Amino acid sequence: MSVSRPTVSEPCPVCGGSGSHAYTGRDLLMHLPGEFSYAECGDCGAVYQAPMPDAQRIASFYPDDYQPYRPGREKRRSALERAVLRSRYGYAHLDSGFPRWLAGILGAFVHRHAVPFTGSGRLLDVGCGGGKYLRSMRALGWEPEGVEFNRSAVETCRAAGLKVFQGELSEAGFPDGHFDVVTARHVIEHIPAPVDFVTEIHRILKPGGLMVLMTPNSRALGRGWFGVHWFANDIPRHLVLFSPENLARLAGRAGFEPAVVRTSSTPKIVLNSWDYRFGVRGRPSKKRKLRRILARPYVAASMLLGRGDEIFAIFRKPLDAGDAPPS
């Protein structure tokens, strides 16, 4: 017998539909005080915090030592990755000792989150944190810029010679049709108004430009297993959780066409979720070799079922879209 869930007054931020209470949880990562309630939309299935916090409250979720704000070590790309980028994603200027035909085959299985190269194009990374990704893309030949609201993270980026706007994307005032690619990697789930967010990305992209999103998958196998203890819930910082279907619906509403929408998993999320669920203390499971090996069947199963923990999506602004925002 199914149990009815109470409805919430706040409409879905993705489609405007009505939602019902899904779960209430605590901050398991930073241990902020209080409980936070989430609803699930009865129309598109998006999961969202209800009531949605205001801007000041959201800012309080992110201390200056929040991990993405740190500069991090610049990624060193292996010969295999350089070969895959060269053979499958248009980075003809990269050198690698791997045969092109072999890289083309292996590229169907590895390094599948690459951004196609447009030839020294303009790339904007929204929520760029300490600039690790921007430095990485600059090394590949892009002209990167960033947007980040945390002051210390922006200062870190600027010290590395990166061009970064401090504030929200809506405040940056970029010209129409300015960028070839806009990336938002694990950002859109932190945005209280995702429709406005992707509409602004559509405006600042050139016709034919790409919006690249990475975000947790609300329909992940691991979320079904661990519920409120699923690591990628990241209560309360994640304000909206998407599925591949409603993420594509959101992008289409802003005028985008889908190019790539798929899910993937790694042992990290399932092992961190395990630690949350069973209160593991001391050395985390993701640092234990045997447990990482035991997590591999989950990774394979989640990907086989199309229920990986993370969505990777590329949406294209149509060539005939012009610079005017969609109606």
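The values are calculated or read from the model by the stated rules, or taken from the named source; none is laboratory data. The structure displayed is predicted, hence computed values, not measured ones. Glycine gets a Cβ as well: all are built from the backbone with ideal geometry, and neighbour counts include every protein chain shown.
What to note about this one:
- Just one residue in the set ILE105, ILE58 is at negative phi, exposed (fewer than 15 other Cβ atoms within 10 Å of the Cβ) and of a type in the set (Val, Ile, Thr); that residue is ILE105.
- Across segment 222-242, the qualifying residues are those that are small (Gly, Ala, Ser) and crowded, with 22+ Cβ neighbours inside 10 Å, and the one among them that is nearest to the chain's Cα centre (by Cα) is ALA232.
- Filter pass, ASP196 being surrounded by 19 or more Cβ atoms within 10 Å (Cβ to Cβ) and under 19 Å from the mean Cα position of the chain (by Cα): no
- Restricting attention to segment 130-152, the residues that are on the phi > 0 side of the Ramachandran plot and out of contact with any strand residue (DSSP E or B) (no Cβ under 8 Å at 6 or more places or on another chain) total 1.
- Residue in segment 11-26 that is crowded, with 17+ Cβ neighbours inside 10 Å, modelled with pLDDT under 95 and not hydroxyl-bearing (Ser, Thr, Tyr) present: no
- Reported count of residues in segment 270-285, each being surrounded by fewer than 10 Cβ atoms within 10 Å (Cβ to Cβ) and touching a His at 6+ places or on another chain (Cβ under 8 Å), is 0.
- Condition check for ALA153: in contact (Cβ under 8 Å) with a residue 60 or more places away in the chain and surrounded by 19 or more Cβ atoms within 10 Å (Cβ to Cβ): yes
- Scoring LEU271 on the criteria (1) more than 22 Å from the chain's Cα centre (by Cα); (2) free of Cβ contacts under 8 Å to residues at least 60 places away in the same chain leaves a single failure, condition (1).
- Which numbered condition LEU213 fails, given (1) closer than 25 Å to ALA39 by Cβ; (2) out of contact with any helix residue (DSSP H, G or I) (no Cβ under 7 Å at 6 or more places or on another chain): (2)
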